[in-house]
Amino acid sequence: MQFFFAIATHSHYIHRFYGESFPTPPQEGTPGYLRGDENEDAAQKVDLTHLSSRQAIQDIVSFVKSKEALQHFKLSNEQDAKGVRWITFGGSYPGMLSAWSHLLHPTTIFGAVSNSAPIQAELNFHQYHEHVGMDLENEEVGGSKECRKIIEEGHEQAVAILESQTSFEADGKKAVDEDSSEDGHGLERLALMFNICGGADTLRASRRNQEVFIGDGIITIPAQSNDPSCTTGKVCNIKGLCDTILTERKNSPMKSSLDILGDVNQLQKKTQPGGGEQCTVVEWKAWLYFWKQDFTPTTQNVNDYSWVYQTCNEFGFYQTCNKDSNCPYGKGYHDIDRDLEICQEAFGMDADTVKQNVASTLTYYGGRSLTPNTGQDRVGPSNDMIVDGEDTVVDGQNRLIFLNGDIDPWEELSFNDGTDITPSDSVQGASHHFWTQMIKETDSASVVEARATIYKTVTDWLEQPTHLVSVGGDTVMETE
């Protein structure tokens, strides 16, 4: 039996509008492309019609059925081609595509491995930062309740400074501006501590600037990217971060939590390009202007632009920090309106349109229910493309496995309640599809086990027996 793995670990390699390649500039009078070289007119209209997960799935299916793909198997006729078994594999957004390609086309895509895939589209993804807060307490990865407490206190102290010295009306206009503080902190010192571009004046200028500064954290908490063996500085993972915070509190018990976070911020900046000399940009209007007017596609920024568009057009996934949440950052300083403003300004999609887009995606693919509804009234492949031969939803749920890391905030929107038909596995202590990355000697037992689970599952699907062999002193599985 012949088979082939369709590897999709990075959307850059399988998806239109992603990657480093730039299409040939269009002829005069035609719509421009998202990508172009430095000589292309940046003002050309961008045509994003085919930037969607639905189009990507059509492209995957078309590729699998193409003569170009099948010629590598040296098959003599179309009937022999049916013996090829395609397995899709991906992590994060490609993990979503992996699952959905098989779910909608199970006779074309024989099976799918979906890693850390948030298939439950959600507009207000408040659970993301709340999960980060839980990670800070997780002792398995070096967290503690005391570590979380200090981080939350530091943000509360920063919020207190902002709210005591500036105030804004509902329309964002300045209401109060008093630069005084009883605790020795002030806007000037706060801006200096975190090296804000434009200093305290930038924080005084608008509520939105303050939201950019504190709504997603005044330090970086590496939950999604947590690597127990990282070597890029002593605060590059949760353990290093919490160890540093707790050590500083022990050595300087009178130092405020905000001051401790300021020190951590400086340590983190030293690992960035420029050694931390560059200031932190928090100016909201400049950010909006970049997306709306000043955006020039480059290999460095174009993938971000594509993903922001897809969040507006399909998924949402906006990581808010609401007042009534368990977010460890500046509560109330990242609401959904901020993200919806980007969709409006950058792509002309108003709030109602974005909400409808997310609802349509959830219905179309079925979210965690794995029961898609691809009605003719929705944008995307028509029913005759979804119904592939004798496809059924049940068959699409078979030969489909989901794996999620319990440290990963995206786990909140992933498929976790496995069944006999569609199994799922939680990888303890693991971050965002960590087991799909390069093998390291420092990999935990749970990460190693996750890889073995994938191998055995796919092997069972292909009905190929396995036996254990010794390679360099290690026991590995090998197909016969």
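The values are calculated or read from the model by the stated rules, or taken from the named source; none is laboratory data. The shown structure was predicted, so the numbers you read here are calculated from the model rather than taken from an experiment. Glycine also receives a Cβ, built like all others from the backbone with ideal geometry; neighbour counts cover every protein chain displayed.
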Subset of segment 312-335 (residues that are at positive phi and part of a loop (DSSP other than H, G, I, E, B)): Gly332
Considering every residue within segment 398-419, establish whether at least one is assigned to a loop (DSSP other than H, G, I, E, B), at pLDDT below 95, surrounded by fewer than 11 Cβ atoms within 10 Å (Cβ to Cβ) and under 29 Å from the mean Cα position of the chain (by Cα). yes
Given the structure, is Gly233 assigned to a helix (DSSP H, G or I) and in contact with a helix residue (DSSP H, G or I) (Cβ under 8 Å, 6 or more places away or on another chain)? no
The residue that is nearest to Ile151 (Cα to Cα), considering only those in segment 320-329 that are touching a residue at least 40 places away in the same chain (Cβ under 8 Å) and surrounded by fewer than 22 Cβ atoms within 10 Å (Cβ to Cβ), is Asn326
Ile336 is checked against (1) surrounded by 21 or more Cβ atoms within 10 Å (Cβ to Cβ); (2) in contact with a strand residue (DSSP E or B) (Cβ under 7 Å, 6 or more places away or on another chain); (3) touching a residue at least 40 places away in the same chain (Cβ under 8 Å); (4) not basic (Lys, Arg) and fails just one. What number does that condition carry? (1)
For Ala56, are the conditions met, namely being under 30 Å from Glu341 (Cβ atoms), among the hydrophobic types (A, V, I, L, M, F, W, C) and in the same structural domain as Leu413 (by TED's automatic domain parsing)? yes
